[in-house]
Amino acid sequence: MNGRRILADFRVVYRSYTRNPIALFFSLVFPVILVGMFGVIFSATSSTTLTVYAVNDDHGSATSRAFLSALNNTSVVKISLAPVSSGDLAAWLGAHDHPVGLVIPRGFAANYSNGTTTNLTVYIDPQDEASSGAVLGAVQGVVDRFNLLAVCSPPASCAPVVGIRTANVGSPVFRYIDYLIPGLVGFSILTSPMFSLVDISSNYRKEGIFRELSLTPLSRAEWLTARVVWYVLLTFVSAGIMIGLGIYAFGAHVTLSAGLLPFLVVGPFFFVSLGMLCGSVAPTPESAAVIGNIVTFPMMFLSGTFFPVASFPPALRAVADVLPLYYVIDGMNQVMLFANMARAATDLLILVIASVIVFLLAVRTFRWRDE
Amino acid sequence: MAEAVEVSDLVKVYGELRAVDGIDVRVATGTVFAFLGPNGAGKTTTVEILEGLRRATSGTVRVLGLDPWRDGERLHRRIGVIPQDFRFFEKITAREAIEYYRELFGSRVDAGELLARVELLDKADARFDTLSGGQKQKLGLALALTNEPEVCFLDEPTTGLDPHARRAIWSVVRSLRAEGRTVFLTTHYLEEAELLADRVAVINRGRIIAAGTPREIIDAHGRPTRLKVRADASLAPLLKERLGLDARAANGQVEVDLRDHKDALRVLEAIEGSGLPWDALATETDTLEDVFVRLVGRMDEGTLSSEAPS
Ligand SMILES: Nc1ncnc2c1ncn2[C@@H]1O[C@H](COP(=O)(O)OP(=O)(O)OP(=O)(O)O)[C@@H](O)[C@H]1O
Ligand SMILES: [Mg+2]
């Protein structure tokens, strides 16, 4: 491996790429379109009425029911009773990705009628300002009306009879757009090196360009490394654009940490090598395209790109387990959403091992010259 | 090392086909060698074995004393190659291509100077996919020279070029020879071989059917110089009888084979003395092309042994 030659070859890759509008479109513009499209579709559906999961511990009192139905009529929120006790509500909300909840404590009606203060508990997800703001506003409005009507004399001396206490839902709550960001970053880590390397490796061989390169000191490993470096850089740019767009345009809540970087490096490394391998085992450019598609398409849809793998039926989840892209996306999910670094590290280890194997196979399989 | 290229009993088999069928070639250092042959004769196959791009079925091959297949990496730093049908990265300009090769080889050539040498400086900043066929070929030649090679392999470097571009490439070949480099050239153009080459080998169906300097080949395989006049057919038997020379009549012309230049005077005297009317006198000598066409034709008819003297 010689840095000067890799750099020289890198310049050729960079120039060939930036002078090719179609390649640039697929690696930079297309991901933006994807995020924009899914973001618009799903942020639109989530901005309709918000469901508040409530637990009414003041068993069936008329006042508590009147409070809930007043809240239900605000048109901002819809009330649904949670099938758990007030003590388990926070955990249940977190586990079911519901960002807001409400508990009416025991004795609410009695306290209300004798003027004793009762605090309602509103569960919110502090990351989800939109839902928290909506539910707190709606609850506050109803609370204010109840306070005005409360029996209290003289009115000015009264402390409010109903108060609000906020608490956080048990674990971070994610919306579709949050899952979508790592999924779509994974999608572009897969597609842009795969399609291009399958095409290049088979066509360069057919056109004799590999034979010409074989007459220079450039080695196959150096050639492949220059492409890996290029696609890693391209992935940084496209992931940056997609994450930025997700956060600022669609309010996605993802954690940006250095733990993301290894996936943005190993992911392209793996798929550059895999693309090269697919192109090299195929006898012609046409069959290379077919092999490339057979390898790429299952990963495009079954690795958690557009839908979280956790929502798959068990049979499909088992399929995802053997798709390398699943480990890229799952790892990024663990880093960006669940802060589960141990699992991210396991995903990464699997990817590193797979990448080294595929890289070596690709270097061995692809031929500069006719053997 | 006196021999830049040494090939003995080289055979290359593709399935049933013996594309190269036991050839011997020697090219002395600092000379231009032309490998002539019709389409499919086995030229590219041979050249690519010499470059280390294909593997010989049997026989020994040495280029600069190295085995091209096994010592390719060392050899490639010392040779330059233009493949037949040269292709390159489409979006890369001529200058960038040279700079790329320069970095790969770690050489110090100046891209501008090299492009000027192949008369491509005006297209230095044009992308490969916008170059014409001849311009691509010139870039291929420039790339082959970026590492200042000791031996250059040029596989049909002038095929499809206009006469001007062809001359530009010829002059580069001559300058390479003047610098003491060895050139291994394949071509269909006999004129090119005659003009440039110190030695020529003619290959057909994988076998070398003639080899030597162009002069030697013409002398060995060419027909005698002929004198032609437009005259009555009855002149032919008359000349045959009087001078004992081979004379034929065809298409209103009479043709006499000459053994040496003195025969010409004797033939003219005899014609004049015959009293028959004549005009349009000309002499004809075989070119390498005539020899080539006759040799290849005779081999294809099966009347020429492939064990031709070399
Ligand atoms: N890779 C290959 N597989 C099978 N046959 C081949 C292969 N390459 C060449 N041949 C055959 O070998 C013979 C010699 O081909 P080669 O390319 O060496 O000819 P050439 O003298 O360079 O011809 P041209 O002047 O047309 O370039 C031809 O009959 C060709 O069909
Ligand atoms: Mg050829």
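Any read-out appearing in this document is the output of simple, stated calculations on the displayed coordinates, not a laboratory observation. What you are looking at is a predicted structure, and each value in this text was computed from that prediction instead of being measured. All Cβ positions, glycine included, derive from the backbone under ideal geometry; neighbour counts span all protein chains shown.
Structure above, values below:
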quantity: Phi to ³J(HN,Hα) by Karplus 6.51 cos²θ - 1.76 cosθ + 1.60 over region A:245-255, Hz, x for Gly, Pro; calculated: 5, x, 6, 7, 8, 10, x, 5, 10, 10, 8
quantity: Neighbouring partner chain Cβ atoms per residue of A:11-17, average, 10 Å criterion; calculated: 4
quantity: Helix A:285-302 axis, angle to chain A major axis (alpha carbon atoms, nearest 10°); calculated: 20 degrees
quantity: Relative exposure of A:Arg317, B:Arg259, B:Arg108, judged by other C-beta atoms within 10 Å (fewest first); calculated: B:Arg108, B:Arg259, A:Arg317
quantity: Highest to lowest packing among A:94-102, B:109-117, scored as the average C-beta count within 10 Å; calculated: A:94-102, B:109-117
quantity: DSSP bridge orientation in chain B - percent antiparallel, rounded to nearest 5; calculated: 65 percent
quantity: Under-5 Å amide H pairs with A:Thr166, H placed in peptide plane, nonlocal only; calculated: A:Val122
quantity: Degrees separating the helix A:62-72 axis from the principal Cα axis of chain A, which is the longest one; calculated: 40 degrees
quantity: Cα gyration tensor shape of region A:176-365, rounded if a/c is under 1.5, else prolate or oblate by comparing a/b with b/c; calculated: prolate
quantity: Additional length obtainable on full extension of the chain from B:Arg77 to B:His164, 0.36 nm per residue less Cα span; calculated: 28.2 nm
quantity: Charge context of B:Gly273, other residues only, Cβ under 14 angstrom, K/R +1, D/E -1; calculated: -1
quantity: Placed amide H near B:Val200: partners under 5 Å, 5+ positions off or other chain; calculated: B:Ala34, B:Gly212, B:Thr213
quantity: Spacing of the two label points (7 Å from each Cα toward its C-beta) at B:Leu243 and A:Met37, in nm; calculated: 8.8 nm
quantity: Kyte-Doolittle mean at least 0.0 and Cα axial length at least 15 Å: DSSP H helices in chain B; calculated: B:133-145, B:288-301
quantity: Shape call, chain B: gyration tensor on alpha carbons, a/c limit 1.5; calculated: prolate
quantity: Packing-based order for A:24-33, A:260-269, A:128-137, using average beta carbon neighbours within 10 Å, highest first; calculated: A:260-269, A:128-137, A:24-33
quantity: Neighbourhood charge, 9 Å Cβ-Cβ cut-off, centred on B:Arg62 and excluding it, Lys, Arg +1 and Asp, Glu -1; calculated: -3
quantity: Computed FRET value (nearest 0.05) for B:Asp279 with B:Asp198, which takes r as the C-beta separation and R₀ as 41 Å; calculated: 0.50
quantity: Note, ³J(HN,Hα) from phi for region A:318-333, Karplus 6.51, -1.76, 1.60, rounded to Hz, x at Gly and Pro; calculated: 5, 5, 4, 4, 9, 9, x, 4, 4, 6, 5, 6, 4, x, 5, 4
quantity: Neighbour-count ranking [beta-carbon atoms within 10 angstrom, fewest first] of B:Cys152, A:Cys278; calculated: B:Cys152, A:Cys278
quantity: Average partner coverage of A:210-222, which counts Cβ from other chains inside 10 Å; calculated: 6
quantity: The protein assembly as shown: C-alpha gyration tensor shape, a/c 1.5 cut-off, then a/b vs b/c; calculated: prolate
quantity: Charge sum, other residues only, whose C-beta stays under 13 Å from A:Leu323's C-beta, Lys/Arg counted +1 and Asp/Glu -1; calculated: -2
quantity: Residues A:Ile209, B:Ile92, sorted so that the one with the fewest Cβ neighbours within 10 Å comes first; calculated: A:Ile209, B:Ile92
quantity: Helical contribution to [θ] at 222 nm, DSSP H n ≥ 4, -39,500 (n - 2.57), averaged over the protein assembly as shown, rounded to 500; calculated: -16500 deg cm²/dmol
quantity: Out-of-range pairs (alpha-carbon distance over 32 Å; input B:Lys12/B:Lys123; B:Lys43/B:Lys136; B:Lys12/B:Lys138; B:Lys138/B:Lys228); calculated: B:Lys12/B:Lys123; B:Lys138/B:Lys228
quantity: Average Cα contact separation per residue, region A:188-292, under 8 Å, 6 or more apart, as relative contact order %; calculated: 55 percent
quantity: Those residues of region B:47-82 whose amide nitrogen sits under 19 Å from the label point placed on B:Glu179, 7 Å along Cα→Cβ; calculated: B:64, B:75-82
